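Participant: Questions regarding the structure given below will be posed in turn.
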C-alpha cells in the first residue's frame, strides 16, 4: 500500500488532497485483487482512476495558468503523456481478462508513476504555487 505523508505535500491543500485521493484509488487496485469478482469490478475502478487523473491534471493546470507557471507547457505535456499511458495500460489489462498478477503489475506501475510525478515533477512548481490564492 502507498500512503500519503508530508513528503508528498506541495504546500497547497487542494492539490495535496487530490494526491491523497489518488493514493486511495491506487490502493483499491491492490484490495481488488483479493476480491472474488475483481474482473467485474476492475473496469469501473480503472475508469474512476482515469477520470480522476483528468480532473486532477485540470486542477493543477488551472492553478499553473493562474500563477503564470513558467514550465506550464512541459508539465502539460507530461500530464497528457501519462493520461495516455494510464489509459492504455488500463485498457490492456481489461482487454486481456486480467489475472490478479496483471492487476498487481498495474498497481505497481501506478505507484511508481505517482511517486515519481509528485516527488520529481510536481515539486518543481512549489515556489510558483506559493502565490496562489483560492
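The values are calculated or read from the model by the stated rules, or taken from the named source; none is laboratory data. Everything numeric here is computed off the predicted structure, so don't read it as measured data. Reconstructed Cβ throughout: ideal geometry from the backbone, glycine too, with neighbour counts over all protein chains shown.
Participant: Using the structure shown, decide if residue 23 is touching a helix residue (DSSP H, G or I) at 6+ places or on another chain (Cβ under 8 Å), within 27 Å of residue 98 (Cα to Cα) and surrounded by 14 or more Cβ atoms within 10 Å (Cβ to Cβ).
Facilitator: So residue 23 passes the test.
Participant: Report the residue count in segment 51-65 for those that are farther than 15 Å from residue 10 by Cβ and either in contact (Cβ under 8 Å) with a residue 60 or more places away in the chain or exposed (fewer than 15 other Cβ atoms within 10 Å of the Cβ) (or both).
Facilitator: Matching residues across segment 51-65 total 5.
Participant: Additional query: For segment 83-94, check the following and say yes or no: at least one residue is at pLDDT below 95 and either assigned to a loop (DSSP other than H, G, I, E, B) or closer than 30 Å to residue 133 by Cβ (or both).
Facilitator: There is at least one residue in segment 83-94 that is at pLDDT below 95 and either assigned to a loop (DSSP other than H, G, I, E, B) or closer than 30 Å to residue 133 by Cβ (or both).
Participant: Which members of segment 86-100 meet the condition of being within 14 Å of the chain's Cα centre (by Cα) and within 13 Å of residue 39 (Cα to Cα)?
Facilitator: 90
Participant: Which of the following residues is closer than 30 Å to residue 133 by Cα, surrounded by 13 or more Cβ atoms within 10 Å (Cβ to Cβ), more than 16 Å from the chain's Cα centre (by Cα) and modelled with pLDDT of 90 or more: 8, 69?
Facilitator: 69
Participant: Let me ask something else about it. Right, residue 114: surrounded by 18 or more Cβ atoms within 10 Å (Cβ to Cβ) and free of Cβ contacts under 8 Å to residues at least 60 places away in the same chain or not?
Facilitator: Criteria not met by residue 114.
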